[in-house]
Amino acid sequence: MGDIDFFKKINDSYGHDTGDHVLKVLALIMQENLRQQDIISRWGGEEFLIMLPYTDLNKAVAVAEKLRESVKNTPLSYAGEKFSVTMTFGVSQFDKNLGLEKAIKKADDALYLGKHTGRDKVLWME
């Protein structure tokens, strides 16, 4: 699960059209860095849920780190304004005994912890 850091500030500073542009660009950046079988979806306002089939936790953390770096290193511009954004990611591994909701909750908990300990990072829950 990934969340755009300080997204409200982007909307407040540059307008909602800019925020919409950021969402689209980041979705493209993430799609370009994922495999064909991976699934990315918008989850709430500025969050994305990413499913990585047949990927263990260590590899999923590495993918999230690659996404984080790609977003951070991509300069953005819209309507004459130039800026950059970062994302925080929370990662967990699906366990069929716990179910999908628990896996998402664990990723969300890791994301929440990342947001409250500095942002622009990848954290995971086993």
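Throughout, read-outs are computed from the coordinates displayed, never taken from laboratory work. Everything numeric here is computed off the predicted structure, so don't read it as measured data. So basically every Cβ, Gly included, is an ideal-geometry build from the backbone, and we count neighbours across all protein chains shown.
A few points about this structure:
- Selection over the stretch 92-118 of residues that are of a type in the set (Lys, Arg), part of a helix (DSSP H, G or I) and surrounded by fewer than 18 Cβ atoms within 10 Å (Cβ to Cβ) gives a count of 3.
- Single unsatisfied condition, Tyr54 versus (1) exposed (fewer than 15 other Cβ atoms within 10 Å of the Cβ); (2) out of contact with any Phe, Trp or Tyr (no Cβ under 9 Å at 6 or more places or on another chain); (3) within 18 Å of Lys121 (Cβ to Cβ); (4) of a type outside the set (A, V, I, L, M): (3)
- Cβ-Cβ contacts under 9 Å between residues 6 or more apart (or on different chains), taken from a first residue in the stretch 3-19 that is of a type in the set (Lys, Arg) to a second residue that is surrounded by fewer than 18 Cβ atoms within 10 Å (Cβ to Cβ), are listed as Lys8/Gly45.
- Within the stretch 1-49, restricting attention to residues that are in contact with a Leu (Cβ under 7 Å, 6 or more places away or on another chain) and of a type in the set (A, V, I, L, M, F, W, C), the residue that is nearest to Lys82 (Cα to Cα) is Val22.
- Listed by position, the helices (runs of 4 or more DSSP H) contained in the stretch 1-88 that have at least 2 residues being closer than 28 Å to Leu100 by Cα are 16-32, 57-72.
- Any hit, the stretch 42-53, residues being touching a helix residue (DSSP H, G or I) at 6+ places or on another chain (Cβ under 9 Å), of a type in the set (Phe, Trp, Tyr) and farther than 19 Å from Lys115 by Cα: no
- Residues being surrounded by fewer than 11 Cβ atoms within 10 Å (Cβ to Cβ) and among the aliphatic types (A, V, I, L, M) - total across the stretch 29-38: 0
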